[in-house]
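Note sheet for the following structure.
The values are calculated or read from the model by the stated rules, or taken from the named source; none is laboratory data. Just so it is clear, the model here is predicted, and its values are computed rather than measured. Here the Cβ is made from the backbone with ideal geometry for all residues, glycine too, and neighbour counts use every protein chain on show. Remember, those area values only see protein heavy atoms, side chains included, never the ligands or the DNA or RNA. Shrake-Rupley method; radii C 1.70, N 1.55, O 1.52, S 1.80 Å.
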Amino acid sequence: MTSTRTPVRRRGTLGALTALAGTATARPGGRLTAARPYLRAALCLAPALLILVAGYQRRWMSDDGHIYVRTVRQILAGHGPVFNAGERAESSTGTLWQWLLVVAGLPGADVASAAVYGGLLLTGAGFALAAWGAVRLYDGGAGGSGDGVRGGRALLPLGVLVPLALPPVWDFATSGLETGLATCWLGGAWLLLVARPRSLATAFVIGLGPLVRPDLALVSAVFLGAQWLSARPSRRAALAGAGAAGALPVAYEIFRIGYYGHLVPLPGVTKEASQSLWGRGLGYLGDFAGPYLLWVPALFVVAAVLPSGRARLSGGAGARVPLAPALAPVLAGALCWAYVIKVGGDFMHARMFLPGLFLMVLPVFLVPATRAWALAAAGVCVWAVVCAAVLRIGYEGRIGPGGIADERGVYVRQNAAAHPVHHSFGGYRENAAYAREVRAAGRGHEATLFLSRTRVTAAAPAVTGFYATLGLNGTVVPLDGAALDPIGLAYPLAAHSQRIDHARVGHDKWLPDEWVVADRGTADLPSGLDPARVAAARRALSCGPLAELRAATRAPLTPGRFLRNAAGALERTAFRFPNDPVRAERELCGTRAP
């Protein structure tokens, strides 16, 4: 049978972009069909390869990434999922990332290297899955005619150019944090939502959001709602989907409240994730959106979408884009950004906005090769080249005036290494001196408590380090010692203290030395500490909620203790005390001030 199709003839920018998208033929009426399979596959793989190259060139391990490493080492040593042996504190915000690193470390692999390179591979996988999801979306979603590679319409890269052009995305493709896993989960969950909305496996994967990061529960909720709208299941099927989505997160939450005695990981307590700091959060948004002129690609996308609405998204005649999967990531991304702004942002430049940005570009990751989309893609491409080449923040390698840091640049300078994966201490004398002293005490099994400016005899364990740079502290303090931080990322006592004024975002808890001496030291006090304040701290530790907090995290985990932890988790998570020992003693013990 002779084909009646005629070759597509396009000129200029649209013609070039359409050729790149793989258009082979068109019907007489002009609708694009039968993109070449290998070019369609290249559209899915090329973004992944580009981010792998960019991330590898800027590979590094953040200090917060080393917080995960110590917990993984404790698990592998048989001490349980804790930061310090003998104290049940959940320092890992990304639960699933922590356990994936445990699996990586079981054969004896270096955990830090596994975190860096595993995160990079997951980032690349996330970009590939997101591109595949866009292909399936514009081929009609679950009702499409093909597998997404041999499908019908030619596509152009558009939204994918935005994260590919941003230096913070290159930085956090590694870093040792859970960002790579989050990218992979977002891309995979969206692909399943588009391609398999009726599957229980889709519900299960979507439900993993709270275990990737607690704030990604927002994404899980929106995606599950979109899945219901797409599938319109029966009541029985809906209950089965809810069970599949909630099984693992609910089971782990039961474990969390009984084992740790808290509703959320400890960093959620210390960073006051339930409070609002809108002004600071808007400043964090400006610090991200301003330097990279993010409004430029947004304008191009809006200009392409608004004139024709859904028809524009679908690329003209033919299969319509399913609305629920198309709109769900935009809504979820906007909610993620709103939450980040509400809690005041973060101290790492751009980091907390990256999942929301990735979500919001998913529906236009790739777009149909129409004239309007081609013009938008050309405009975004120009912006992407300029952004990748010249647009930068004004405090590269330093901490900015608002307390927001170019975290990779700071860490590179502190370690005097272009690609720091392990702590080398080469560029920061204070860190190097602290590391030498703590390691020497560990080798000698000295019962020493290291404070900010001095050392004293520790009650137990052998070495206790009280240092603000927690990842470094966890690296140099032996696993049978205690690595504590005044901010409270892994130290429940500091996490439950009240916020201090005029501090960096994410660093606005600071427990005074008197509390640590009262909690971990002997009767011998170092010079410079007020004995009365230390005595007040010791009394406060034995009173009311503080005494219960210590029991919940340090008492032997019997079945009774597990149940008491679970019953008091809500009240315990909300508990705060003044970091002034005298005031805390007065409020908790009812002692009158002298």
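Here is how the numbers come out for the structure above:
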{"item": "Output for segment 236-279, where each listed residue is under 17 Å from residue 209 (Cβ atoms) and assigned to a loop (DSSP other than H, G, I, E, B)", "result": "263, 264, 265, 273"}
{"item": "Some residue of segment 71-93 being over 30 Å from residue 260 (Cβ atoms), modelled with pLDDT of 70 or more and touching a Ser or Thr at 6+ places or on another chain (Cβ under 8 Å)", "result": "no"}
{"item": "Matching residues in segment 511-529 - criterion: being of a type in the set (Asp, Glu) and surrounded by 14 or more Cβ atoms within 10 Å (Cβ to Cβ)", "result": "513, 514, 519"}
{"item": "Candidate set from segment 387-411 (those that are in a helix (DSSP H, G or I) and without any contact (Cβ under 8 Å) to a residue 40 or more places away in the chain); member that is surrounded by the most Cβ atoms within 10 Å (Cβ to Cβ)", "result": "410"}
{"item": "Close pairs from segment 187-208: first at negative phi, partner among the hydroxyl-bearing types (Ser, Thr, Tyr) and in a loop (DSSP other than H, G, I, E, B), Cβ under 8 Å, at least 6 apart", "result": "192/199"}
{"item": "Matching option when the condition is over 22 Å from the mean Cα position of the chain (by Cα) and part of a helix (DSSP H, G or I), among 359, 375", "result": "375"}
{"item": "All helices (runs of 4 or more DSSP H) inside segment 412-500 with 2 or more residues being open to solvent by less than 30 Å² (accessible area, probe 1.4 Å), touching a residue at least 24 places away in the same chain (Cβ under 8 Å) and over 21 Å from residue 549 (Cβ atoms)", "result": "429-443, 470-476"}
{"item": "Out of 189, 201, sole residue that is within 23 Å of residue 52 (Cα to Cα) and part of a helix (DSSP H, G or I)", "result": "189"}
{"item": "Sole residue being of a type in the set (Gly, Ala, Ser) and open to solvent by less than 20 Å² (accessible area, probe 1.4 Å), chosen from 290, 286, 207", "result": "207"}
{"item": "Listing of helices (runs of 4 or more DSSP H) fully contained in segment 509-594 that carry 1 or more residues being at pLDDT below 95", "result": "513-520, 531-541, 544-554, 581-589"}
{"item": "Residue in segment 535-586 that is most open to solvent (accessible area, probe 1.4 Å), counting only those that are among the aliphatic types (A, V, I, L, M) and over 24 Å from residue 489 (Cβ atoms)", "result": "563"}
{"item": "Number of the condition not met by residue 233 [criteria: (1) open to solvent by 30 Å² or more (accessible area, probe 1.4 Å); (2) within 26 Å of residue 351 (Cα to Cα); (3) not in a helix (DSSP H, G or I)]", "result": "(2)"}
{"item": "Check on residue 407, more than 25 Å from residue 176 (Cα to Cα) and touching a strand residue (DSSP E or B) at 6+ places or on another chain (Cβ under 9 Å)", "result": "no"}
